[in-house]
Amino acid sequence: MRWNPKSKPNPEKVQAIQQALQVDEIIATLLVQRGIETFEQAKTFFRPTLADLHNPYLMKDMDKAIARIEKAIANNENILVFGDYDVDGTTAVSLVSSYLRTFYPNVATYIPDRYAEGYGISYMGIDYAEDNDISLIIALDCGIKSIDHVNYAKAKNIDFIICDHHRPGDILPEAVAVLDPKREDCSYPYDELCGCGVGFKLIQALAENRNQTIDDLIEYLDLVATAIAADIVPITGENRVLAKFGLEVINSNPRPGIKALIQNVKKKVLTITDVVFIVAPRINAAGRIKHGNEAVALLTEYDLDQAEQFASEIEQHNSDRKELDKQITKEALLQIEENNEQNRFSTVVYQENWHKGVIGIVASRLVENYYRPTIVFTKSGEKLAASARSVKDFDVYNALEACAEHLEQFGGHMYAAGMTLLEENYENFKNAFEKVVQETIHPDLLTPEILYDAEIELSEINPKLMRLLKQFEPFGPENMTPLFLVKGVTDSGYAKTLGSDNEHLKAFVKQGNSESFGAIGFGLGNKLDWVTNKNKFDAIFSLEENEWKDTVTLQLQFRDIKASNG
């Protein structure tokens, strides 16, 4: 890994916030790095409230969307809530449909089949609406590029309201309303909402229209926080408020579906990270292995016994997903070796029988292994379908745009995308993608980088620092867990490896005459020799609380270690 400090903030700004808040320089530095430079900004950061949420009507077309929904209710029309099969889509569908059903019964849900229909709005979904006398479709987490689909629906007298957060193309679909904060002509103050977040703004506007307050919507925030965590959107602005209050719901009074998923978790308080690694993969597993409808059934179920039954089925899907992911990753790594492609600038692999539901996860695993932009293809009907994952600071979406002539369709973000192509175009695309990456990626980006916030002495670590760091939560993109550099530490002599393959490192470290701290380094077991025999080493770590037999101690979680120069 490349170790680099985050850009050093302006010392005058650090000093100003330090004096305004009466905090240590470390805390003031962390705040300025996050763009917090005044007392008022710090107050909003440390004490967010639901009053900090923006007026939903500031979003372009919100008034049109609400008018059309109210018209549908007044005319007793059937409404279809449509969403993608991933966590963001299924939570958004669960959110909007369950809210609408609190005052209107004619609401159905639709999640496309990952294999038969693929991502986004589908013709099958529109035909389903026609067959069931549905005249309004609310599309969530998809639809911003579905120009032909919306026209197809229009010809059948079916209206669309689109709630999306992906980048629009040059032309917008001719829907009744297009809610997307990334629209060029939308002046909404925050454009990093996830799909479920845009869905929440829709129900917030509906609630306002029906003389309800934000307090009436708190029970839905467990879904929004789950989507924010899973979709890896920045934990800033509105997302930070929604995530914070959503986590409170998850920890105090979650809906039965989420309660059923987390009831065996031993931790007292779940964090965003726990949602990412415990809740999100299970919700995703339904759409990957069976059908996204199962996730919606779980998340909209109000009977705990029934929710537990759904959760148990989803748990099985998740186990199946893990097995598939392990097997396909193994086969993909073998393919790279056999084709002698270890030294390319990109990874593009294909096997026709790989399970479409896990190729995105496999792409992430391959990035972990070779650390370069990666695309994993499988056969899907007559075409090949793929998931792409990128490395930090490289825009894979732009790279795909440069290869668009070889693709049937594509969409996504800077770091993750999906696409389809004809099998005869696979080799041409693979070569074109490699060429684009080779010509546009900075060589440094092919080595993982670890950015630390500040250098620290172990003597500066104490419970007060930990208390303040906890107030920086929830963590996530653009508000990551603070990482510190410490130099010249030694182990007390009890360092050892843990895990079935000795993959983790456990140590007790001190710096000079400082207090000794326990430390854990996941995946760093191979560096045991660096810390034994009183060797001095440097470490980048985060600070955490370790609970053991009702005792809480401060612990360093090593992210990487290197031999000390001094």
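The values are calculated or read from the model by the stated rules, or taken from the named source; none is laboratory data. Remember, predicted model here, so these are calculated numbers, not experimental data. Every residue, glycine among them, receives a Cβ derived from its backbone with ideal geometry; neighbour counts consider all protein chains shown. For the accessible areas, the whole protein counts, side chains as well, though only heavy atoms, and no ligand, DNA or RNA atoms are used. Shrake-Rupley method; radii C 1.70, N 1.55, O 1.52, S 1.80 Å.
Summing -39500 (n - 2.57) over the DSSP H runs of n ≥ 4 in the chain and dividing by its residue number, what mean residue ellipticity at 222 nm do you reach, to the nearest 500 deg cm²/dmol?
-12000 deg cm²/dmol
In debye, nearest 20, what is the charge dipole magnitude of segment 182-310 about its Cα centre with +1 on Lys and Arg Cβ and -1 on Asp and Glu Cβ, if you could check?
My answer is approximately 440 debye.
Relative contact order for segment 313-436 using alpha-carbon pairs under 8 Å, separation at least 6, rounded to a whole percent?
Once normalised by length, the contact order is 19 percent.
So which GluC sites (Glu not before Pro) in segment 136-216 end up in coil per DSSP with only 16 or fewer other C-beta atoms within 10 Å?
Here the sparse-neighbourhood loop sites are GLU174, GLU184.
Give me the 1.4 Å probe accessible area per residue for segment 349-472, excluding ligands and nucleic acids, in Å².
The answer is 44 Å² per residue.
Here are labelled values, (1) 85, 65, 47; (2) 91, 52, 39; (3) 77, 59, 49, and one is the computed Cα extents along the principal axes in Å for what I pasted. Which one?
Here Cα extents along the principal axes in Å agrees with entry (3).
For GLN41 and ALA404 in one chain, what is 0.36 nm times their gap in residues minus the Cα-Cα distance, to one decimal in nm?
The span from GLN41 to ALA404 would gain 126.4 nm if fully extended.
Taking the alpha-carbon distance from LYS510 and a cut-off under 19 Å, which aspartates and glutamates remain once sequence neighbours fewer than 8 residues away in the same chain are dropped?
GLU455, GLU457, GLU460, ASP491, ASP529, ASP538, GLU544, GLU545, ASP560
With every protein chain left in place, what is the accessible area per residue of segment 245-318 in square angstrom, probe 1.4 Å?
46
Rounded to a whole number, what % of the accessible area of the chain do carbon and sulfur atoms account for, probe 1.4 Å?
Within the chain, the accessible surface is 47 percent carbon and sulfur.
Which of the trypsin sites (Lys or Arg not before Pro) across segment 506-547 are loop residues per DSSP, with 10 or fewer other Cβ within 10 Å?
LYS534
For the chain, what is the relative contact order in percent, using Cα pairs closer than 8 Å and at least 6 residues apart in sequence?
Dividing the mean separation by the residue count of the chain yields 11 percent.
Normalising by the residue count of segment 256-370, find the relative contact order in percent from Cα pairs under 8 Å and 6+ residues apart.
Relative contact order comes out at 27 percent.
Heavy-atom accessible area of LEU58 with all protein chains present, probe 1.4 Å, nearest 10 Å²?
Its heavy atoms expose roughly 80 Å² to the probe.
May I ask you to list the lysines whose Cα is less than 19 Å away from that of LYS8, ignoring any residue fewer than eight positions away on the same chain?
Qualifying lysines at Cα under 19 Å: LYS487.
Based on the Cβ-Cβ distance from ASN10 to GLU315, what FRET efficiency comes out when R0 is 41 Å, to the nearest 0.05?
Approximately 0.25, to the nearest 0.05.
Using a 1.4 angstrom probe on the protein heavy atoms only, line up ARG288, ARG2 by accessible area, largest first.
ARG2, ARG288
When the Kirkwood hydrodynamic radius is evaluated over all pairs of different C-alpha atoms of segment 278-333, what value in angstrom, to one decimal, is obtained?
About 11.7 Å for segment 278-333.
Would you list, by chain and number, the lysines whose Cα falls below 29 Å from the Cα of LYS201, excluding same-chain residues fewer than 8 positions away?
Hits, sequence-local ones excluded: LYS43, LYS60, LYS64, LYS71, LYS145, LYS154, LYS156, LYS182, LYS244, LYS259, LYS470.
Which GluC sites (Glu not before Pro) in segment 337-370 sit in a loop by DSSP (not H, G, I, E or B) and have at most 15 other Cβ atoms within 10 Å of their own Cβ?
GLU352
For GLU460, GLU323, give the ranking by accessible area with the largest first, probe 1.4 Å.
Greatest to least solvent exposure: GLU323, GLU460.
Treating only the Cβ of Lys, Arg, Asp and Glu as charged (+1, +1, -1, -1), what charge dipole size does the chain show about its Cα centre? Round to the nearest 20 debye.
1660
Any idea which of LEU422, SER122, VAL276 is furthest toward the positive side of the dipole for the chain, if Lys and Arg beta-carbons carry +1 and Asp and Glu beta-carbons -1?
Farthest towards the positive end: VAL276.
Would you work out which of ASN151, SER542, LEU206 lies farthest towards the positive end of the dipole of the chain? Charges go on Cβ: Lys and Arg +1, Asp and Glu -1.
Comparing the listed Cα positions along the dipole, SER542 ranks first.
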